[in-house]
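*Asks:* Starting off with a structure, shown below.
None of the figures in this text is laboratory data; all of them are computed from the coordinates on show. Owing to the predicted nature of the structure, the values given are computational and were not obtained by experimental measurement. Heads up, the Cβs are rebuilt from the backbone with ideal geometry, glycines too, and the neighbour counts pull from every protein chain shown.
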Amino acid sequence: MSDVPRITYLGQSGFYIETPDIKLLIDPMNQNSGALDGDIVYCTHNHVDHVGGVKTFLERNKDAILIGNEQVVEKFSQFDSRVKLVSDEDTFDFKSLSFTFTKLKHGVFRGVYNLAVEVRLREFAFAHCGDAVSFEGFPSSSVDILAIPISGTFAAGPKKALNMIKKLSEPLPTIVPMHWLMRSPKSFCKKLRESKPEITCIIPSNGEPLKGYE
């Protein structure tokens, strides 16, 4: 595949996606993950471990924009014209990237607006669930990589995530567990491979590019 971006895992639910003409930051948990060069930062919801690096990123990159739902946008309203409000079923295009947004229920906390995202670079697609307790029906179409939380309580637990993956349509995406807290991503990927040997499950390392999805 010619259009394969470089995707670096930043810890918790954070990812940094680099293409030839754009750099996208998703859910930066702290100042370290926000201290990157880029054009866009997207946050799935307004919790500190998903927006902690936004201010650092926007102050570092004076022309960068923030995309987020109403709760995220309100938190960073001081950036005014550099903030783009999006909602469930919205789409947004920026240079070579196309975004589609889907509201998925957050675990435990009521009233939290968790907005999952699909990011497409021509033939390549990356989907991020945020802290979804369920991601049935997401993504809306086939993707190459699906990043899913496995922490339980705050989001889907390992057993529920495995069951939902089994219901995904072919072709199956590469799975990247994230937001695991006290859970074991190695155990999760092992069980996933045992039930669906044909699927690829990547255990990400903080600060390292994902490998094996090209």
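*Asks:* Provide the per-residue ³J(HN,Hα) series for the stretch 128-133, in order, calculated from phi with Karplus coefficients 6.51, -1.76, 1.60 and θ = phi - 60°, each as a whole number of Hz, with x at glycine and proline positions.
*Replies:* So the J values, rounded to whole Hz, are 10, 7, x, 9, 7, 7.
*Asks:* At R0 = 35 Å, how high is the FRET efficiency between S87 and I22 if r is their beta carbon distance? Nearest 0.05 is fine.
*Replies:* Efficiency computed from Cβ-Cβ geometry: 0.95.
*Asks:* Among bridges DSSP assigns within the chain, what percent are antiparallel (round to 5)?
*Replies:* Of all bridge pairs located within the chain, approximately 60 percent are antiparallel.
*Asks:* If you don't mind, there's one more thing I want to ask. For the chain, can you list the cysteines whose C-beta has no other cysteine C-beta under 4.7 Å from it?
*Replies:* C43, C129
*Asks:* Something else about it: Are there any trypsin sites (Lys or Arg not before Pro) in the stretch 119-207 that are in a DSSP loop and have at most 10 other Cβ atoms within 10 Å? List them by number.
*Replies:* Passing both the DSSP loop test and the Cβ count: K167.
*Asks:* Calculate the radius of gyration of the Cα atoms of the stretch 6-195 to one decimal place, then report Dmax, the largest Cα-Cα distance, as a whole number, both in Å.
*Replies:* In Å, with Rg to one decimal and Dmax whole: 15.5, 49.
*Asks:* Please compare each pair in K166/K211; K55/K160; K75/K186 to a cut-off of 30 Å on the Cα-Cα distance and tell me which ones are over it.
*Replies:* K55/K160; K75/K186
*Asks:* Moving on to the next point. Read phi for every residue in the stretch 174-188 and hand back ³J(HN,Hα) as whole Hz from Karplus 6.51 cos²θ - 1.76 cosθ + 1.60, θ = phi - 60°, with x for Gly and Pro.
*Replies:* 5, 9, 10, x, 9, 6, 8, 6, 8, 7, 9, x, 5, 5, 4
*Asks:* Also, quick follow-up: What FRET efficiency comes out for the pair K95/S134, r = Cβ-Cβ distance, R0 = 45 Å, nearest 0.05?
*Replies:* 0.90
*Asks:* With θ set to phi - 60°, apply the Karplus curve 6.51 cos²θ - 1.76 cosθ + 1.60 along the stretch 4-11 and write out the HN-Hα couplings as whole Hz, x wherever there is a Gly or Pro.
*Replies:* Working through the residues one at a time gives 10, x, 8, 10, 10, 8, 10, x Hz.
*Asks:* Restricting to DSSP loop positions (anything but H, G, I, E, B) with no more than 14 other Cβ atoms inside 10 Å of their own Cβ, which trypsin sites (Lys or Arg not before Pro) remain in the stretch 1-62?
*Replies:* K62
*Asks:* Let me ask something else about it. How far is it, in nm, from the label point at K75 to the one at S195 when both lie 7 Å from their Cα along the line to the Cβ?
*Replies:* 3.1
*Asks:* Further question: Quick one: which residues, 5 or more positions from Y113 or on another chain, have an amide H under 5 Å from its amide H? H modelled 1.01 Å from N in the peptide plane, none for Pro or chain starts.
*Replies:* The answer is N46.
*Asks:* Let me ask another. Just to be sure I understand the model, the point goes 7 Å from the Cα along the line to the Cβ. What's the resulting K186 to K159 distance in nm?
*Replies:* Spacing of the two 7 Å Cα→Cβ label points: 2.3 nm.
*Asks:* If you don't mind, another one. Taking H as built 1.01 Å from N, whose amide H comes closer than 5 Å to the amide H of I148, not counting residues under 5 places away?
*Replies:* HN-HN under 5 Å from I148: V176, M178.
*Asks:* Label the stretch 83-214 by shape, choosing from rounded, prolate and oblate, from the square roots a ≥ b ≥ c of the eigenvalues of the Cα gyration tensor; if a/c is under 1.5 it is rounded, and otherwise prolate applies when a/b is larger than b/c, oblate when it is not.
*Replies:* Taking the square roots of the gyration eigenvalues as a ≥ b ≥ c, the stretch 83-214 is oblate.
*Asks:* Treating only the Cβ atoms of Lys and Arg (+1) and Asp and Glu (-1) as charged, compute the dipole magnitude of the chain about its Cα centre; round to the nearest 20 debye.
*Replies:* It comes to approximately 860 debye.
*Asks:* Measure out, as a whole number of angstrom, how far apart the alpha-carbon centroids of the stretch 35-87 and the stretch 143-208 sit.
*Replies:* 27
*Asks:* With unit charges on the beta carbon (Lys/Arg positive, Asp/Glu negative), name the residue among S13, Q71, V117 whose Cα is farthest towards the positive pole of the charge dipole of the chain.
*Replies:* It is S13.
*Asks:* First select every other residue whose beta carbon is under 15 angstrom from the beta carbon of L121; then total the charges, Lys and Arg +1, Asp and Glu -1.
*Replies:* My count for the surroundings of L121 gives -4.
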